[in-house]
Structure formats: structure tokens, C-alpha cells
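A short write-up of the structure that comes next.
The values are calculated or read from the model by the stated rules, or taken from the named source; none is laboratory data. Computed from a predicted model, the values in this text were never measured in an experiment. When we count neighbours, we look across all protein chains shown, and the Cβ atoms used for this are built from the backbone with ideal geometry, even at glycine.
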Amino acid sequence: MDDTRWLSPAELRAWLAYVAATTLLDGALDRQLQRESGMPHAYYLILAMLSDAHEHTLRMSELAAATQSSQSRLSHAVTRLERKGWVCRRPCPDDRRSTFCTLTEEGYAALRAAAPGHVRTVRENLFDALSPEQVTQLEEIARAMLGRLTRDPEAVPLPGVCPDRQA
């Protein structure tokens with residue numbers, strides 16, 4: 001017996017609109033960062049997560065969780081960021097299985113240079129289209145989703161995506 005709870009017409013419309021909007025927004029953010037800063041959105045997120053961390057340092061496992069990346073994918077990205085001089089890795093003195101990743105001054109400068117364009121693109125493509133009430137609703141919807149996906153209703157996936165933000 002099929003007990004699948006199929007989407008209602010309203011749910012299907014909302015789902016398809018959500019998928020289209022988030023896919024297009026991700027693409028717009030990636031194109032803008034590549035064009036203006038020479039980095040993909042994934043690299044920006046790594047730098048942003050490190051910029052918010054204590055002493056700009058996270059364990060690689062923590063950084064993978066914060067950026068929703070696999071360990072392997074993160075390791076490849078961090079290797080590229082190391083070559084640019086934007087991050088450095090060092091072994092954890094307390095746990096030989098762990099490695100720390102630290103944002104360098106050069107990496108922080110690259111993040112600060114990229115942040116205005118990134119924020120402009122987020123604002124133009126998301127927040128300028130919403131009323132203040134819709135911004136509140138968007139946060140509530142995102143937190144409800146995060147609560148299901150992470151089992152933590154207070155989870156926020158990106159604690160800060162730009163340095164020196166006003167909030």
C-alpha cells in the first residue's frame with residue numbers, strides 16, 4: 001500500500017519556486033564573486049566562517065560542518081586557499097587526528113575586499129524584493145527547516161558571511 005504524502009498543488013508550486021529561486025541565487029552569488037573577486041562562493045564561505053571563529057581558527061571538521069562540505073571537498077578547497085596564502089593549516093597539539101585551519105591576514109583582506117560586492121548581490125537579489133515582514137517570515141521558515149535538518153531549532157548555518165557587518 002502506497003502511503004506517500006504527495007505534495008498538494010500549493011505545496012508543489014511553493015517547492016518549485018523555492019528550488020528555482022535558490023538555484024538562481026546561488027548562481028548569481030557565484031558569478032558575482034568569480035567576476036569581482038576571483039573566488040567561488042564556496043571559498044568565500046570558508047573565509048567567512050573562519051573570520052567569525054575565535055582567533056580566526058577552526059578544526060577542519062568544524063569548518064566542514066559550518067560550510068556543509070565533505071571533508072574531502074573542504075580539504076581540496078583549503079589546499080587551493082593555502083596556495084593563495086589566504087589560510088594555513090597546522091596540526092592540533094591535543095589530537096593528532098585533527099587539523100586546524102586559520103585565516104591569514106591576506107585571506108581576511110581578500111574577504112573584506114569581496115564582502116561589499118557579495119552583500120550587494122544578496123541585497124539586490126533577495127532582501128530588496130522583500131518587505132520587513134517577509135524578512136521575518138523568511139527567517140522563521142529557514143529556522144523551521146534548519147530545526148528539521150539539524151535537529152537544532154536555533155541552528156543558523158552561516159553565523160556571519162561578511163566581516164565588520166552591521167547587525
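The table below lists the values:
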item: Residue match in region 110-128 (condition: exposed (fewer than 14 other Cβ atoms within 10 Å of the Cβ) and polar (S, T, N, Q)); result: no
item: Condition check for THR99: β-branched (Val, Ile, Thr), in contact (Cβ under 8 Å) with a residue 12 or more places away in the chain and touching a strand residue (DSSP E or B) at 6+ places or on another chain (Cβ under 9 Å); result: yes
item: Residue under evaluation GLU11, criteria (1) modelled with pLDDT under 95; (2) exposed (fewer than 14 other Cβ atoms within 10 Å of the Cβ); (3) charged (D, E, K, R); (4) assigned to a helix (DSSP H, G or I), criterion not met; result: (1)
item: Lone qualifier among ALA17, ALA48, ALA64 - being in contact (Cβ under 8 Å) with a residue 40 or more places away in the chain and either closer than 24 Å to GLY117 by Cα or out of contact with any strand residue (DSSP E or B) (no Cβ under 6 Å at 6 or more places or on another chain) (or both); result: ALA48
item: Residue that is over 23 Å from ASN125 (Cβ atoms), among the aliphatic types (A, V, I, L, M) and at pLDDT 95 or above, where the choices are LEU25, LEU16, LEU50; result: LEU50
item: Scope region 54-68; condition within 14 Å of the chain's Cα centre (by Cα) and surrounded by 20 or more Cβ atoms within 10 Å (Cβ to Cβ); matching residues; result: LEU63, ALA64, ALA66, THR67
item: Scan of region 69-109 for residues that are of a type in the set (S, T, N, Q), under 17 Å from MET39 (Cβ atoms) and surrounded by fewer than 12 Cβ atoms within 10 Å (Cβ to Cβ), ordered by number; result: THR79
item: Residue that is nearest to ALA53 (Cα to Cα), among those in region 79-109 that are part of a helix (DSSP H, G or I) and touching a helix residue (DSSP H, G or I) at 6+ places or on another chain (Cβ under 9 Å); result: TYR108
